[in-house]
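Report on one structure; see the data block that follows.
The values are calculated or read from the model by the stated rules, or taken from the named source; none is laboratory data. All values reported here derive from a predicted model rather than from experimental measurement. Positions of Cβ are backbone-derived with ideal geometry, glycine not excepted, and every protein chain shown enters the neighbour counts. Heavy atoms of the whole protein, side chains included, go into the accessibility calculation; ligands, DNA and RNA do not. Shrake-Rupley method; radii C 1.70, N 1.55, O 1.52, S 1.80 Å.
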Amino acid sequence: MDLSKILRLIWNEIHDFIIWFAHSKPAIIVALFLTLLLPAYVFYLAVVSPASSCDHDFPTADTTEMALVGLDVDSSQMILQKVDTIWDLELDKAYLSNMLLLSFQDSAYLNLNLPDSLLHMEIKGVPVRECRLTDIRVTKRLRCLNKSQLLQWISTPFLGRADHSTIPKIRYVVKEAPKDTSEAALQNAGPLPADSSSVFFIVYFNRHLAIEVRQREEPYDYEEEVLGSYEKEIQGAVRSKTMQAVLAGLSPEPEILIRLEVSKADARAIYRGLPAYPGLALKLQ
Amino acid sequence: MKEHLTTTYSQQRKPIWYIILILLALAFSVLLALIVVRRAGSIGEVVVRFVPLPEDPSLLNRVPVNELSAYQISIKKDIAVIQKKLHNLIPQQPYLIVNTTHNTFKLMQRDQLIREGMCSTGSYTILTKGDNKKWVFETPRGMLKVRSKQVNPVWVRPDWAFIEEGLPVPSPRHPSRYEYGTLGQYKLELKDGYLIHGTLYKRFLGMAVTHGCIRLGDDDLKAVYTTLKTGSNVFIY
């Protein structure tokens, strides 16, 4: 049997299948259903699952009910209020402990106090830069963590792992030693003009936390390209992470994004003043 | 039978539309999936609104109901202890904060500002000579201490000061190395030759022009010199 005959045979089989398929209503319905299942599956993996993917390895509500057995309703309410107060105190304690831990390190670190709208850069426990936050946006994903989970999440300082920015961390200028005094006179033309470019940066910390700092002032028109590539890069990073996870049949790790708005001067001083892998103490409530 | 079916179906001219429908559905489906991946973050933010707030009962597992008040008091005590430790981190003596990004300084006493103004810090220049000699002119960051203080200091010019000007490097004790008045009236030594001193180039205050030292204007230098003691902290960021 030669190749053309085999091909013809295969083609006939495919043709027959298509003909059968096109005239079988149940087959078409199943195919349509399966086809539309793809976005639904992706939606579940990429959106629904991360939104509800808190690790519920904590006791469930039944524990409270057991502990409150025999108490009247008022007492139960009082106890639950007290429990809530204690949780808040524990969260406060964790935040202060983190500040203390970070003060032992030599380089600068961040102290972010969301209830007071303050971002401090500190060295050895001394605030060297205090920034008033003019706008704060916190991802709503934090809602799916209860207080014990929040406490676990913030129990140790966060550590920066990478960052992305519209400005360089340091602007080094390399200068070759002049051969004589006349060449030196040409080289020493004076200091570089102050950098006035817009400052937007994001620091990726461990435990899925990302802090984005944006300047309050409107950027210049001519900076559109730089800002565009910055936005593209940070969104691209999220997309590629989501895509990789979905292709692997997994839910992407939920990112907790906190977006802060400060003055341009503060944003620049903080970005330039922070080390490559900064520490962070976070107060959420 | 097969031939009969083929003829009949072909006459009806329907199959192609079903196939196109399936292909369109597939394309739509892939497109929708891509949009979901692209917008997963923002869609997720909407979805999260519908996730019920979690209950928070686990504390009662650790602490019995009758011990809650005592536990609350003990946490408050712990917090007070940590707050005291944090408070003690602020130096008792006056200290200096230097911002190398904007070239400004703040002279502080506890949390009170004594004086602020402009300074000059490291220029972030890398000076190279040949293949093996390199100097990086940047101000060190972190917490430094004032090691010594001196009135009317003399500047002993290091090798780079000659190389930068295209001059031959003299011997270590050559008279051309000693310059009087260049550092201003006072100097405070921080570490490894890094100083806080005055400047002849006052127009450069507020700019990054130095070789790593911190330059101040005359009045500011005097205030810093008289306020800071040997051992005082200088925080540079």
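Hey, does region A:32-39 have a residue that's open to solvent by less than 80 Å² (accessible area, probe 1.4 Å), farther than 27 Å from B:Gly41 by Cβ and either more than 7 Å from every other protein chain (Cβ to nearest Cβ) or among the β-branched types (Val, Ile, Thr) (or both)? No, the conditions are met nowhere in region A:32-39. Taking region B:89-114 as the range and being touching a Gly at 6+ places or on another chain (Cβ under 6 Å) and either open to solvent by 50 Å² or more (accessible area, probe 1.4 Å) or at the interface with chain A (Cβ under 7 Å from one of its Cβ atoms) (or both) as the test, only B:Leu89 passes.
Residues that are open to solvent by less than 60 Å² (accessible area, probe 1.4 Å), at pLDDT 95 or above and touching a Leu at 6+ places or on another chain (Cβ under 7 Å): does region B:138-152 have at least one? Yes. For region A:96-109, a residue qualifies if it is open to solvent by less than 10 Å² (accessible area, probe 1.4 Å), more than 7 Å from chain B (Cβ to nearest Cβ) and of a type outside the set (Phe, Trp, Tyr), and the qualifying residues are A:Asn98, A:Leu102. Of all residues in region A:1-20, exactly one satisfies the criterion of being exposed (fewer than 10 other Cβ atoms within 10 Å of the Cβ) and polar (S, T, N, Q), namely A:Ser4.
So that you can scan it fast, the table gives a plain yes or no per residue for (1) under 22 Å from A:Ala108 (Cβ atoms); (2) modelled with pLDDT of 95 or more; (3) in a strand (DSSP E or B); (4) open to solvent by 20 Å² or more (accessible area, probe 1.4 Å):
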site: B:Phe50; (1), (2), (3), (4): no, no, no, yes
site: B:Lys77; (1), (2), (3), (4): no, yes, no, yes
site: B:His87; (1), (2), (3), (4): yes, yes, no, yes
site: B:Glu116; (1), (2), (3), (4): yes, yes, yes, yes
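Remark: pairs (first residue in region A:233-248, among the small types (Gly, Ala, Ser); second residue outside any helix (DSSP H, G or I); Cβ separation under 6 Å; 6+ apart in sequence or on different chains) = A:Ala245/A:Pro252.
Cβ-Cβ contacts under 6 Å between residues 6 or more apart (or on different chains), taken from a first residue in region B:165-181 that is within 14 Å of chain A (Cβ to nearest Cβ) to a second residue that is in a loop (DSSP other than H, G, I, E, B) and open to solvent by 60 Å² or more (accessible area, probe 1.4 Å), are listed as B:Gly166/A:Asp180. Which of the residues belonging to region B:115-140 are more than 8 Å from chain A (Cβ to nearest Cβ), under 20 Å from the mean Cα position of the chain (by Cα) and aromatic (Phe, Trp, Tyr)? Across region B:115-140, the qualifying residue is only B:Phe137. Pull up region A:238-256, narrow it to residues that are more than 8 Å from chain B (Cβ to nearest Cβ) and of a type in the set (A, V, I, L, M, F, W, C), then point me to the one that is nearest to A:Leu284 (Cα to Cα). Step by step, filter region A:238-256, then rank; the result is A:Ile256. In the set (1) within 14 Å of chain A (Cβ to nearest Cβ); (2) open to solvent by less than 20 Å² (accessible area, probe 1.4 Å), B:Val209 fails one condition alone, (2). Counting the residues of region A:14-42 that are farther than 23 Å from B:Leu31 by Cβ and either more than 52 Å from the chain's Cα centre (by Cα) or touching a residue at least 12 places away in the same chain (Cβ under 8 Å) (or both) gives 1. Scanning region A:110-126 for residues that are open to solvent by 20 Å² or more (accessible area, probe 1.4 Å) and facing chain B (nearest Cβ under 9 Å) gives a single hit, A:Lys124.
Scanning region B:79-88 for residues that are among the hydrophobic types (A, V, I, L, M, F, W, C) and either in contact with a strand residue (DSSP E or B) (Cβ under 9 Å, 6 or more places away or on another chain) or more than 7 Å from chain A (Cβ to nearest Cβ) (or both) turns up B:Ala80, B:Val81. On inspection, B:Gly231 does not qualify as assigned to a loop (DSSP other than H, G, I, E, B) and within 14 Å of another protein chain (Cβ to nearest Cβ). Looking at A:Leu159, A:Leu151, A:Leu145, just one residue is more than 9 Å from chain B (Cβ to nearest Cβ), touching a residue at least 24 places away in the same chain (Cβ under 8 Å), buried (at least 17 other Cβ atoms within 10 Å of the Cβ) and within 30 Å of A:Ser97 (Cα to Cα), and that residue is A:Leu151.
Yes or no: region A:58-78 includes at least one residue that is open to solvent by 20 Å² or more (accessible area, probe 1.4 Å), at the interface with chain B (Cβ under 7 Å from one of its Cβ atoms), touching a Leu at 6+ places or on another chain (Cβ under 7 Å) and at pLDDT below 95. Yes, region A:58-78 contains a residue that is open to solvent by 20 Å² or more (accessible area, probe 1.4 Å), at the interface with chain B (Cβ under 7 Å from one of its Cβ atoms), touching a Leu at 6+ places or on another chain (Cβ under 7 Å) and at pLDDT below 95. Taking the conditions exactly as written (free of Cβ contacts under 8 Å to residues at least 12 places away in the same chain, within 8 Å of another protein chain (Cβ to nearest Cβ) and open to solvent by 30 Å² or more (accessible area, probe 1.4 Å)), does A:Arg129 satisfy them or not? No: the conditions fail for A:Arg129. Scanning region B:160-186 for residues that are open to solvent by 60 Å² or more (accessible area, probe 1.4 Å) and of a type outside the set (A, V, I, L, M) turns up B:Glu165, B:Pro168, B:Ser171, B:Pro172, B:Arg173, B:His174, B:Pro175, B:Tyr178, B:Tyr180, B:Gln185. May I ask you to list the residues in region A:166-193 that are of a type in the set (Gly, Ala, Ser) and either at pLDDT 95 or above or open to solvent by 80 Å² or more (accessible area, probe 1.4 Å) (or both)? Selection gives A:Ala189 alone.
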